[in-house]
1. Taking the Cα centre of segment 258-377 as origin, sum charge times position over the Cβ atoms of Lys and Arg (+1) and Asp and Glu (-1), and report the length of that vector in debye to the nearest 20.
2. If you fit an axis through the alpha-carbon atoms of helix 3-12 and take the longest principal axis of the Cα set of the chain, what angle between them do you get, 0 to 90°, nearest 10?
3. Could you state the angle between the C-alpha long axis of helix 377-388 and the longest principal axis of the C-alpha atoms of the chain, as a value from 0 to 90 degrees rounded to the nearest 10?
4. Report the per residue volume, in Å³, of the convex hull enclosing the C-alpha atoms of segment 142-288.
5. So how many Lys-Lys pairs in the chain land under 29 Å Cα to Cα, not counting same-chain pairs under 8 apart?
6. Keeping the other protein chains in place, figure out the carbon and sulfur percent of the accessible area of the chain, with a 1.4 Å probe.
7. So what are the ³J(HN,Hα) numbers for segment 194-199, from phi and the Karplus equation (6.51, -1.76, 1.60; θ = phi - 60°), rounded to whole Hz, Gly and Pro as x?
8. Roll a 1.4 Å probe over the protein chains and send me the accessible area per residue for the chain in Å².
Amino acid sequence: MSEGSGKKDQSNAMWGGRFAASPAALMEAINASIGFDKRLADQDIRGSLAHSDMLAAQGIIGHDDRDAIHAGLRKVQAEIEAGTFDFRTALEDIHMNVESRLKEIAGEPAGRLHTARSRNDQVATDVRLWVREAHDRAVAQITGLMRALVTQAERNTDTVMPGFTHLQSAQPVTFGHHLLAYVEMLGRDRSRFRDSRSRLNECPLGAAALAGTSFPIDRHATALALGFDGPTRNSLDSVSDRDFILEYLSAASICAMHLSRFAEEIVLWMTAQFGFVRLSDRWTTGSSIMPQKKNPDAAELVRGKTGRVFGSLVALLTVMKGLPLTYSKDMQEDKEQLFDAADTLELVLAATTGMVEDLQPVPARMAAAAGAGFSTATDLADWLVRSLDMPFREAHHVTGRLVAEAERRGVGLEELPLDAFQAVEAGITADVREVLGVQNSVRSRRSFGGTAPEQVAAQVAWWKDRL
């Protein structure tokens, strides 16, 4: 072994055999964020355009310098859009990459751009702009999915299916009513995103590193130029707050959970045991060994990817929980979690919308299952209360005995002969047949928000007006 190679081994001993890089290279690798925050290029340039406009308007820089900065920034943006921009890890992040290239283009005026700002308020502004757009995309996609569900519900206002509790047949409902339950969930998701967006729409630009600046800047002007409602009110909070990302991730997690529940239903409905719906080959795959298989892979992946969104929320909560004011480099970890969660949510929203539009119910299978498990027993109990003025608890007991009798005979309640009913409760008349069929059961649920076709149609109309 040569002396030179011995020294190399010695210098790397503390890092272990896996790390061949020097401490300086390792620091560059852990410190740099350009690999992911280059997605903020558009927002970074927009912020710089607004900031330099304000500096010129306030007489802090000259208009000639402002014009040179603007021309340079537009060239940088064109290079990024064309894919010719050279992103350099040595420059750490998107801010320094843009600024370095701007200096090459514009020369000395570029050095004036960073007057009265810091990378701390700059990144806080960039990320707020990006997250605001992510909120808008989520709202638009959720609205599209809601429309698709409402369209399917309108086609199936009277398609009978079993309703479940504990995944056991409970009472008959309509497929349209079932789909509208997800419209309600998504409506709340949409409201959460809108509410979160309104809260984040304050501009941190001008808070500088943490304490504000001594330059006579106009923070209201930059806030207005960037579409914010106004500037943030505390410089410390401005650079250290990531609540707006956490709120986005929280709303995204709840929405992803709803999509996962629906995906799980599709998976169940497509099994041979259920057979309630079909999806075309566009949303399913086959098996490499079993030729009969048609796997609902798209639904399974929607269900599986939910964990990524949850993980992003937990990861950022963990990053933020121990940070004193104000900025710490830990907060660089926010972006990868944000970007991955947003990409995942947008993908699963698009996939779910596609599946809903493609979904074909199998009404005969649904109707056959709707009558299983004595699903009209509650209707019988209700009839005893209405027709015989029986206390509900007694009606519940009588119905239980009738279910047991039907089960003993191996028939449904609607197939029990009248004398069998009367052997348990003498007051029962032939009119009881009116409530025992699944169609009769569904039609009887006319309370507001119930599953009766007329109620489902009314809710479809209500949502169509709002969508």
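1. Details: 12 positive and 14 negative charges, 78 e Å.
Once rounded to the nearest 20, the dipole reads 380 debye.
2. Its long axis makes an angle of about 50 degrees.
3. Its long axis makes an angle of about 50 degrees.
4. Working: hull volume 27.0 nm³, N = 147.
Spread over its residues, the Cα hull of segment 142-288 gives 184 Å³ apiece.
5. Going through the chain pair by pair, I get 17.
6. On the way: 11690 of 22310 Å².
Result for the chain: 52 percent of the exposed heavy-atom area is carbon or sulfur.
7. For segment 194-199, the Karplus-derived couplings read 5, 5, 4, 4, 5, 6 Hz, x marking Gly and Pro.
8. Numbers: 22310 Å² over 467 residues.
Here the residues of the chain average 48 Å² of exposed surface.
The values are calculated or read from the model by the stated rules, or taken from the named source; none is laboratory data. The shown structure was predicted, so the numbers you read here are calculated from the model rather than taken from an experiment. Neighbour counts are summed over all protein chains in view; Cβ atoms, including those assigned to glycine, are modelled from backbone coordinates with ideal geometry. SASA here: full protein model, heavy atoms, side chains in, ligands and nucleic acids out. Shrake-Rupley method; radii C 1.70, N 1.55, O 1.52, S 1.80 Å.
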